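Note sheet for the following structure.
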Amino acid sequence: MTLGLVTAGESHGPALVAVVTGLPAGLRLEKDAIDADLRRRQQGYGRSPRQQLESDEVTVITGLRHGRTLGTPLTLVVGNRDHENWLWGMSPFEPEGVPSGKGVKPVTLPRPGHADLAGALKYGHDDVRNALERASARHTAAHVAAGAVAKALLGVLDVSVSGRPVEIGGESTDDGMREATDSARKDRDTLGGIVEVVATGAPPGLGSYAEKRDRLDARLAFALMGIQAVKGVEVGDGFALARRRGTEAHDEIDPGLERRTNRAGGLEAGVTNGEPIVVRAAMKPLPTLMRPLDSVDLSTGEPAQALVERSDVQAVEALAVVAEAAVAFELARAALEKFGGDAIGDTLAAHRAYLERIADRWQR
Ligand SMILES: Cc1cc2nc3c(=O)[nH]c(=O)nc-3n(C[C@H](O)[C@H](O)[C@H](O)COP(=O)(O)O)c2cc1C
């Protein structure tokens, strides 16, 4: 049994949905903890008023009873409050009545850096909205909800995962990040940045080197790269390692199997080594600009300015929460692969037995 995740939902449709499969029964879930992460995703210094507009909240419609998982598919729903303004524009069936609200006019001005052009060509859409509604990062809310569930599972195994921005617009101090955001906002421009996710408490032995798809470093990279706007991922000292000598690049082993350094970011050969897991993701500047880039009107073929939509200046703080969720989900999956269990007690017993087996060598 392994953890599975399917998400669905459009940015301005009725709701976003996450279906999590493979959870053991009996895991305690708190609505407040899931909502707190949803709220964290919406906050941040560079966010637009839409985030204040929509205070996300989870509804669970399957797989949970009285706060404990049933061992059956868990369905998490996050409503799009703004949908009431898009009832005609996002009507699933042929809309009736006079067109009204938002999304009535077809979008024909693709934004460079978005799914707009590639999506319209790939799927044969005349209205670019048919591509951007799903490609938008709004559905990261569903991933964050699923990540909160994964964190609850990791929590009972004493693993905690935490993401934070380490660079915004090239600045790495709190003041610098704010100033860079203010300055980009004033110039009606956008910024990118770098986030770091650290997971502590994972035992050695999660992941495997047997096949490349089993390597946890590869799986974490996939999980992070799958997030909108992420253009680079590094594990541990990552790219900096390429510029060092071997004597400066690895982590020497002390008695008790502790390491003097953690340049590998807790992963060797795709397997956790007991040190904190450290991964970073680089985010490009947001592509919806108040000062639109050159584009082409797909309905006429004539040069035009890209669509201008209200957008964030930067969403690096939000990415930190989304990246945290992605890492948590992948780690929870790796933990369940190792420890299994239909009931959470089985998972805990296997975890305890494993820690006992390695205790004579791995002393923590
Ligand atoms: C949390 C988060 C929030 C985002 N918010 C915006 C936004 O407000 N405006 C925007 O243009 N892009 C935003 N993006 C980025 C786009 O969704 C992304 O660049 C686009 O879908 C194209 O995908 P790609 O950058 O992976 O190629 C956001 C991404 C994330 C992870």
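Compute the Cα gyration tensor for segment 190-312, then decide on rounded, prolate or oblate, letting a ≥ b ≥ c be the square roots of its eigenvalues: rounded whenever a/c is under 1.5, prolate when a/b is larger than b/c in the other cases, and oblate in all that remain.
Prolate is the answer for segment 190-312, as a/c is 1.5 or above and a/b outweighs b/c.
Go through Lys105/Lys284; Lys284/Lys338; Lys212/Lys284 and tell me which ones have a Cα-Cα distance over 31 Å in this structure.
Lys284/Lys338
May I ask for the distance between the Cα centers of segment 127-157 and segment 242-273, given as a whole number of Å?
That distance is 32 Å.
Can you list the GluC sites (Glu not before Pro) in segment 169-237 that are in a DSSP coil and have 14 or fewer other beta carbons within 10 angstrom?
Glu211
What number, rounded to the nearest 500 deg cm²/dmol, is the helix-based mean residue ellipticity at 222 nm of the chain, given -39500 (n - 2.57) per DSSP H run of at least four residues and division by all its residues?
Helix contribution divided over all residues of the chain: -9500 deg cm²/dmol.
Near Lys186, which aspartates and glutamates are there with a Cα under 16 Å away, not counting those fewer than 8 places off in the same chain?
The reachable aspartates and glutamates, counting only those whose Cα sits under 16 Å from Lys186, are Asp312.
Show me the ranking of peptides 303-309, 264-270 by mean Cβ neighbours inside 10 Å, starting with the highest.
Put in order of decreasing packing, that is 264-270, 303-309.
Tell me whether segment 59-160 comes out rounded, prolate or oblate; compute the Cα gyration tensor, take square roots of the eigenvalues as a ≥ b ≥ c, and use a/c under 1.5 as the rounded threshold.
Values: a/c = 3.25, a/b = 1.87, b/c = 1.74.
Prolate shape, in that a/c is at least 1.5 and a/b is the bigger ratio.
Which shape class applies to the chain: rounded if a/c is under 1.5, otherwise prolate when a/b exceeds b/c and oblate if not, where a ≥ b ≥ c are the square roots of the Cα gyration tensor eigenvalues?
Oblate, since a/c reaches 1.5 and b/c is not below a/b.
Within 10 Å of each candidate Cβ there may be at most 14 other Cβ atoms; applying that plus a DSSP loop requirement, which GluC sites (Glu not before Pro) in segment 77-143 survive?
Answer in residue order: Glu96.
Read the figures in this text as sums done on the coordinates, not as results from a lab. All values reported here derive from a predicted model rather than from experimental measurement. Here the Cβ is made from the backbone with ideal geometry for all residues, glycine too, and neighbour counts use every protein chain on show.
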